[in-house]
């Protein structure tokens, strides 16, 4: 007998993650979608094997390594966090092309509204799906996205072992150095 309704997995009942954004940031790091652990804790890049927090620290975006539960402190350093697709999954390859296409317009408007200097896509998957192009290089992109400079960085997921931690840090540092001349990449704010 053929099933008429889709199966419901544990991740289907989890909410997406809240954006960590404010206007005029130096860079908004854009994940593909929340992982199950991140969605269940309510904090970005909370997966045990995720190397995001280590990579951004070692690349010089933050003076110390931030814990996922303190993800909002990234704003103090001129950086924000968001995802293209809000639906949590165990693996990003569980997302359909339709989900990326459905999210594209709203996501681009979000970037326009917050007007960061740069939007850094973590992995090629989301930008490839939204642009319809498979020929996307790592690093700076020739076209802006939502009015911001677009950059593609390796995905820090623990499932992505194509890139070592050293390779991640090198790629993330290249972005930090590229946005540093604007003067806001290394800014810190006092918190009242």
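The values are calculated or read from the model by the stated rules, or taken from the named source; none is laboratory data. Predicted model only: the values in this text are computed from it and were never measured. Counting neighbours? That spans all protein chains shown, and the Cβs are built from the backbone with ideal geometry, glycine included.
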For region 107-162, which positions are free of Cβ contacts under 8 Å to residues at least 24 places away in the same chain and part of a loop (DSSP other than H, G, I, E, B)? 132, 133, 134, 135, 136, 137, 141, 142, 143, 144, 161, 162
Failed item, numbered, when residue 44 is tested on (1) closer than 17 Å to residue 130 by Cα; (2) in contact with a strand residue (DSSP E or B) (Cβ under 6 Å, 6 or more places away or on another chain); (3) part of a loop (DSSP other than H, G, I, E, B): (1)
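Being at pLDDT 95 or above, under 20 Å from residue 53 (Cα atoms) and part of a helix (DSSP H, G or I) is the requirement here; does residue 171 meet it?
So residue 171 passes the test.
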Failed item, numbered, when residue 52 is tested on (1) over 15 Å from the mean Cα position of the chain (by Cα); (2) under 25 Å from residue 141 (Cβ atoms): (1)
Considering region 48-82 alone, what residues qualify as being surrounded by fewer than 20 Cβ atoms within 10 Å (Cβ to Cβ) and assigned to a loop (DSSP other than H, G, I, E, B)? 48, 49, 59, 60, 62, 63, 64, 65, 67
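For region 19-31, give me the residue count where each residue is surrounded by 24 or more Cβ atoms within 10 Å (Cβ to Cβ), part of a loop (DSSP other than H, G, I, E, B) and under 11 Å from the mean Cα position of the chain (by Cα).
Start the filter on region 19-31 by keeping residues that are surrounded by 24 or more Cβ atoms within 10 Å (Cβ to Cβ), which leaves 25, 27-31.
Next, from what is left, pick out any that are part of a loop (DSSP other than H, G, I, E, B): 25.
This time we only want the ones that are under 11 Å from the mean Cα position of the chain (by Cα), so: none.
Going through region 19-31 one residue at a time, the tally reaches 0.
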